[in-house]
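The values are calculated or read from the model by the stated rules, or taken from the named source; none is laboratory data. Computed from a predicted structure; not experimentally measured. Because the Cβ atoms are built from the backbone with ideal geometry, glycine has one as well, and the counts that use them run over all protein chains shown. These area figures cover heavy atoms from the full protein model, side chains too; ligands, DNA and RNA do not enter into them. Shrake-Rupley method; radii C 1.70, N 1.55, O 1.52, S 1.80 Å.
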Amino acid sequence: MTQNIDLKCFPYSYEELERLAAENTSPEAFDYVQSGSSTEQTLRTNVQAFSSYAFKPRVCTGTKAVDSKIEIFGKEYPFPIFFAPVGNQKVVHPEGELASARAAKRLNVPYIASTVSSHTIEEIAEASGNGDRWFQLYATKDQDVTNSLISRAEKNGYTAIVLTVDMAPSWRVKDMRNQFLPFSRGQKPYPSIVSDPVFQEKYGESVLENGLEKTVRSIFPNPEFSWDQLKELKKITSLPIIVKGILDEDDAHLALEFGADGIVVSNHGGRMIDGCIPAIEALPNIAEVVKKRVPVFLDSGIRSAKDVVIALALGADAVFLGRPFIYGLAIAGEEGVHKVFSNQFEEFRRMMILCGTNNIDNIKNLKIIKIS
Ligand code: FNR
């Protein structure tokens, strides 16, 4: 399905990106990426909510060279715009996560490999080479398997764990209508879990008796995960653990109490809970609780540079992009992912100049108001 498009004609707006991605994927794969759960209220309001904020740019600040760099866990990154963890990327492009990880390396931002990637932890590490990489963990119901996933991430050079806590089977109307499962189209299910030595040792027999998918589903997803288990994870790894999927400031408080080293304010891009608060609306209260003690990230609905400015001015240290880079992958593989991020970087850089801001602290200090 993937065409070789002339990168000079690569889309500059989200709308065009989405349209071209739809032309370059099967309708079912496009629905899988684009859609949200149930009535898709969360999917819509994530984006709409950004339009209810506006910032006041500064003028005559003598802005010369803008410095867009940020530092997270002692490492410098060129822009506060990172990859969201996204699984099953082979549904839109045969090279899947390998292409995205290579693009992240070239862009000098961390690649966050999902537990449910269509390539294994080891394969993605190889593609990412000496690039920075973090591992997104879905804690399974079996602590031994979870520990083994973490230890493989450590051995393979991942430098942080992004623990996603808002995942459970949701009501995905379009996927159900299309009878679409990412691995119903010839893909191997859950390669990182299935290739795991501890999983193989403990569940090999069950796989033979009940089949692979049923066996994996007996331990994953794990809606039973609780804060105590975060404490346990902190004991088995020295890597920073960033908790992804926080919307309530009381949960932000608990996450810190139980040892979180970072927080991602997110509702999974509207793919899990329908009708919940848009992520950007949840951000200010959470930033207030965190009080700069750990990095705060935001995803769900970032579509252009003004959204990044709004998120930073409301208290985020960096944002994650989800669907935008998957559309780039669908359109032109690694080059498409690279192009999506380079366009976002350049628009953000121009926005910094237009706002009279020399650096990220200036952006964070812009006054922001609610306009609706
Ligand atoms: C996701 N997301 C996700 N999150 C996660 O923690 N682990 C995962 O495996 C996935 N997989 C996944 C697949 C697809 C197709 C999408 C679109 C999203 C959620 C992702 O990390 C992020 O929270 C949202 O994508 C952010 O919203 P936007 O940028 O897509 O609006």
Report summary line: Checked against (1) within 22 Å of TYR203 (Cβ to Cβ); (2) free of Cβ contacts under 8 Å to residues at least 60 places away in the same chain, THR146 satisfies every condition except (2)
**Report entry** Those residues of the stretch 99-113 which are free of Cβ contacts under 8 Å to residues at least 40 places away in the same chain and surrounded by fewer than 23 Cβ atoms within 10 Å (Cβ to Cβ), in sequence order
**Finding:** LYS105, ASN108
Report task. Count, please, the residues in the stretch 231-283 that happen to be touching a Pro at 6+ places or on another chain (Cβ under 9 Å) and among the aromatic types (Phe, Trp, Tyr). Result -> 0
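Tally up the residues in the stretch 166-181 that are open to solvent by less than 20 Å² (accessible area, probe 1.4 Å) and assigned to a loop (DSSP other than H, G, I, E, B), please. Don't jump to the end; show me each part of the working.
Within the stretch 166-181, the first condition is being open to solvent by less than 20 Å² (accessible area, probe 1.4 Å), and the residues that meet it are 175, 180.
Of the ones still in play, those that are also assigned to a loop (DSSP other than H, G, I, E, B) are 180.
Looking only at that region, the number is 1.
Answer yes or no: is there a residue in the stretch 140-153 that is open to solvent by 10 Å² or more (accessible area, probe 1.4 Å) and within 20 Å of the chain's Cα centre (by Cα). Steps first, answer last, please.
Of the stretch 140-153, the ones open to solvent by 10 Å² or more (accessible area, probe 1.4 Å) are 141-144, 147-148, 151-152.
After this cut, where a residue has to be within 20 Å of the chain's Cα centre (by Cα) as well, the list is none.
For the stretch 140-153, residues open to solvent by 10 Å² or more (accessible area, probe 1.4 Å) and within 20 Å of the chain's Cα centre (by Cα): absent.
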Report task. Please identify the pairs in which a residue from the stretch 302-326 that is without any contact (Cβ under 8 Å) to a residue 12 or more places away in the chain has its Cβ atom under 9 Å from the Cβ atom of a residue that is of a type in the set (Ser, Thr, Tyr), counting only partners at least 6 apart or on another chain. Result -> none
